[in-house]
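Visitor: Dumping the structure here so I can ask a few things about it.
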Amino acid sequence: MLKWLARIEFAAACMLLATIVALVFVAAIMRFFDHPLIWSVDLAQLLFIWLCFFGAARAMREKSHIGIDLIVRALGHRNRLILETLLTALILAFLAALTIEGVRLTVMNSQRQFGDSGISYAWVTSAVPVGCVMLAAALVYNLVGAWRRRGDGRTLVYSRSEGDAPSVTEL
């Protein structure tokens, strides 16, 4: 994936997390002074939903999702790459279905209000199709990269090789 897209994604996730922390902190202070912010919980939940999808996409791109590979480790690189390709096709089909249904749900909920915040519930449900597209893009990137470097005998769709590990300072 392009570095600038990864940086934008990372910056958006950082801003979401910082906003959630600040919002919850301010809401706690205001509640202490008997002036609760009724809408703060709803907004924090909304931002957290988006943050989860940004984090999932980043983890997918960096091959950081948890996997149980006890059995597949016994397969050779070629067979494992074929298996991971088939699994990726299945996951992409599932993400496509979620994207389509997520768009339908977003349109259906456009007039619904999210709790006491006055925010349209469509902002919540739109996280699903947007997040699924981000996940699919990361998966396709990993799949193409694994097939391009299939000759090295180490690069896979879901498992990191030494060259795949991101540095601590990398965005």
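The values are calculated or read from the model by the stated rules, or taken from the named source; none is laboratory data. This is a predicted model, so every value here is computed, not measured. Please note: Cβ atoms are built from the backbone with ideal geometry, for glycine as well, and neighbour counts cover all protein chains shown.
Visitor: Kindly establish whether G118 is of a type outside the set (S, T, Y) and either surrounded by 12 or more Cβ atoms within 10 Å (Cβ to Cβ) or closer than 30 Å to G151 by Cβ (or both).
Guide: Here the answer is no, as G118 does not meet what is asked.
Visitor: Here's a follow-up. Restricting to the stretch 142-161, count the residues that are surrounded by fewer than 18 Cβ atoms within 10 Å (Cβ to Cβ), assigned to a helix (DSSP H, G or I), in contact (Cβ under 8 Å) with a residue 24 or more places away in the chain and not aromatic (F, W, Y).
Guide: 1
Visitor: Just need a number here: residues in the stretch 1-39 that are over 30 Å from V144 (Cβ atoms), among the hydrophobic types (A, V, I, L, M, F, W, C), free of Cβ contacts under 8 Å to residues at least 12 places away in the same chain and in a helix (DSSP H, G or I).
Guide: Count: 8.
Visitor: From the list L86, L51, L75, L46, pick out the single residue that is within 29 Å of D152 (Cα to Cα) and either at pLDDT 90 or above or surrounded by 16 or more Cβ atoms within 10 Å (Cβ to Cβ) (or both).
Guide: Going through L86, L51, L75, L46 in turn, just one is within 29 Å of D152 (Cα to Cα) and either at pLDDT 90 or above or surrounded by 16 or more Cβ atoms within 10 Å (Cβ to Cβ) (or both): L86.
Visitor: May I pose another question? Those residues that are surrounded by 12 or more Cβ atoms within 10 Å (Cβ to Cβ) and in contact with a strand residue (DSSP E or B) (Cβ under 8 Å, 6 or more places away or on another chain), I need them from the stretch 89-111; list them, please.
Guide: The answer is N109, S110.
Visitor: Note down all Cβ pairs under 6 Å where the first residue falls in the stretch 113-141 and is within 17 Å of F10 (Cα to Cα), the second is surrounded by 18 or more Cβ atoms within 10 Å (Cβ to Cβ) and among the basic types (K, R), and they're at least six residues apart or on different chains.
Guide: A138/R61
Okay, residues lined up against (1) under 22 Å from F48 (Cβ atoms); (2) modelled with pLDDT of 85 or more:
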{"residue": "T99", "(1), (2)": "yes, yes"}
{"residue": "G102", "(1), (2)": "yes, yes"}
{"residue": "L105", "(1), (2)": "yes, yes"}
{"residue": "S117", "(1), (2)": "yes, no"}
{"residue": "Y121", "(1), (2)": "yes, yes"}
{"residue": "A127", "(1), (2)": "yes, yes"}
{"residue": "L143", "(1), (2)": "no, yes"}
{"residue": "R148", "(1), (2)": "no, yes"}
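Visitor: Suppose the filter is within 30 Å of R150 (Cβ to Cβ), surrounded by 14 or more Cβ atoms within 10 Å (Cβ to Cβ), modelled with pLDDT under 95 and of a type in the set (D, E, K, R); does R80 pass it?
Guide: Here the answer is yes, as R80 does meet what is asked.
Visitor: Could you check, for the stretch 45-58, whether at least one of its residues is over 17 Å from A127 (Cα atoms) and small (G, A, S)?
Guide: Looking through the stretch 45-58, none of the residues is over 17 Å from A127 (Cα atoms) and small (G, A, S).
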